[in-house]
Amino acid sequence: MLTLAFDTSTLQGRFALAEDGEILVYQPFNVGGSYADALLKVVDGMLADSGRKKSELKRIAITVGPGSFTGVRIGGSTAKAMAWATGAELYAVSSLEAMAADMLATHQHRDWAMPVLDARRKEVFAGIFKRNGTWVTVVCEQKASGYDNWWKLFLDTVDNPLDPVIAGNGALLLTGEGENLRPELLTGKPELHNW
C-alpha cells in the first residue's frame, strides 16, 4: 500500500514515500519561504524518483501541529485535496509525535525523545516519548507550558536527563546554555538538535 507522509509544521520539513512498511524515498526539505511554492514540487519529485504516480497513493499522512499555522494549513489543505482527488485514506499525526519518531530513528542508541518547539511568550510546545518499535508511545502529553514547568516534568519522567534526545527550535530554551545551563546537565550534555 503506497503511503505519502509529510510534515510542514516547521521550516525543517520532512517528506516520505513508503510501501508496505518500507521507505522508498525520504526527503528532508528546509523551506526558505512558503510551502505553497515547494510542497507539490517535492511530492512530484519523490513520486518520479520512485517511478510511481499520484493515482497509486492509498494513504496520505500529514502533521497537524503544533507548529507554524501557515505551514500546517498549507500541508493540511494539500493533503486533503490529494486524498480527495486520489481516493487515498487521510491520516493526521501530531507534529511532535512525528518528530520524536524521526529523532529516535536517527539516534538508534536512544529510547527517549523530547521534541521541543518555541511557543513564544516564554513557553514551549513539548512532549516526552519512548521508543515503541518503529514508532513512539506518548509518555507525557503534548502541550504548551513554561520552560521550568516542562523541565520539572522532564526530570520527574526520565531517570537520567542525559538519556533522551532533545530537539527542536525550543531545545536550548528548555535546557539553557552557557552560564544558564540547567544544573542537572553540568556533568554532560544530552543529544541536542535544532530540528
Exercise for review: Over the chain, calculate the relative contact order: mean separation of alpha carbon pairs under 8 Å at least 6 apart, over the residue count, as a percent.
Suggested key: 15 percent
Practice item. Set the Förster distance to 35 Å, then compute FRET efficiency between A81 and E179 from the Cβ-Cβ distance, nearest 0.05. Key: 0.10
Review point. How high is the relative contact order of the range 1-79, in percent, counting Cα pairs under 8 Å that sit 6 or more residues apart?
Key: 38 percent
Check your understanding: Using a Cα distance threshold of under 18 Å, what count of lysine pairs results for the chain when pairs must be 8 or more residues apart or interchain?
Key -> 12
Practice item. Using a/c under 1.5 as the rounded threshold, could you call the range 16-70 rounded, prolate or oblate? The axes a ≥ b ≥ c are square roots of the C-alpha gyration tensor eigenvalues, and prolate needs a/b larger than b/c, oblate otherwise. Key: prolate
Check your understanding: Which one is right for this structure if Rg and Dmax of the Cα atoms in Å is calculated from it: (i) 20.6, 69; (ii) 17.4, 55; (iii) 16.3, 51?
Key -> (ii)
Point to revise | Global form of the range 57-124, assessed from the alpha-carbon gyration tensor, a/c cut-off 1.5 | key: oblate
Revision key, fill the gap. Once phi for every residue in the range 176-182 is put through the Karplus expression 6.51 cos²θ - 1.76 cosθ + 1.60 (θ = phi - 60°), the whole-Hz ³J(HN,Hα) values, with Gly and Pro written as x, are x, 7, x, 6, 9, 4, 4
**Study point:** Gain in span if fully extended, T106 to S55, counting 0.36 nm per residue against the direct Cα distance
**Key:** 15.3 nm
Check your understanding: Roughly how many debye, to the nearest 20, is the charge dipole of the range 1-132 about its Cα centre, given +1 on each Lys and Arg Cβ, -1 on each Asp and Glu Cβ, and no other charges?
Key -> 340 debye
Review point. Based on the Cβ-Cβ distance from N160 to F69, what FRET efficiency comes out when R0 is 35 Å, to the nearest 0.05?
Key: 0.45
Exercise for review: Starting from the amide H of V139, placed 1.01 Å from N in the peptide plane, find each other amide H under 5 Å away whose residue is 5 or more places distant or on another chain.
Suggested key: I128, F129, K130
Check your understanding: Taking θ as phi - 60°, what are the ³J(HN,Hα) couplings along the range 132-147 by the Karplus curve (6.51, -1.76, 1.60), each to the nearest whole Hz, with x for Gly and Pro?
Key -> 9, x, 8, 10, 9, 10, 6, 9, 10, 3, 6, 6, 9, 7, x, 3
Revision key, fill the gap. The chain, Gaussian network, Cα under 10 Å: of L174, L47, L96, the residue fluctuating most is L47
**Study point:** Peptides 138-146, 110-118, 98-106 ordered by average Cβ neighbours within 10 Å, highest first
**Key:** 110-118, 98-106, 138-146
Study note, to complete from the structure: Given backbone amide H placed at 1.01 Å from N, residues whose amide H is under 5 Å from that of L24, ignoring those fewer than 5 places away on the same chain, are L17, A18, E19
Review point. For the range 92-171, with only Lys/Arg (+1) and Asp/Glu (-1) charged at the beta-carbon, what is the dipole magnitude about the Cα centre, in debye rounded to 20?
Key: 160 debye
Check your understanding: Per residue of the chain, what 222 nm ellipticity follows from adding -39500 (n - 2.57) for every DSSP H run with n ≥ 4, rounded to the nearest 500?
Key -> -10000 deg cm²/dmol
Check your understanding: Suppose every K and R has +1 on its Cβ and every D and E has -1 on its Cβ; what is the size of the dipole of the range 26-79 about the Cα centre, in Debye to the nearest 20?
Key -> 220 debye
Check your understanding: Quick one: length gained pulling T187 to Q27 fully straight, 0.36 nm per residue minus the C-alpha distance?
Key -> 54.0 nm
Exercise for review: Apply the Karplus parameterisation 6.51 cos²θ - 1.76 cosθ + 1.60, with θ equal to phi minus 60°, to every residue of the range 48-54 and state each ³J(HN,Hα) to the nearest whole Hz, in sequence, with x for glycine and proline.
Suggested key: 4, 4, 9, x, 10, 10, 4
Point to revise | Positive-end extreme of charge dipole, the chain - chosen from S95, F15, L39 (charges on Cβ) | key: L39
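All of the numbers you see were taken from the coordinates with simple rules; none came from a lab. As the structure is a prediction and not an experimental result, all values here were calculated from the model. Ideal geometry is used to build each Cβ from the backbone, glycine not excepted, and the neighbour counts take in all protein chains shown.
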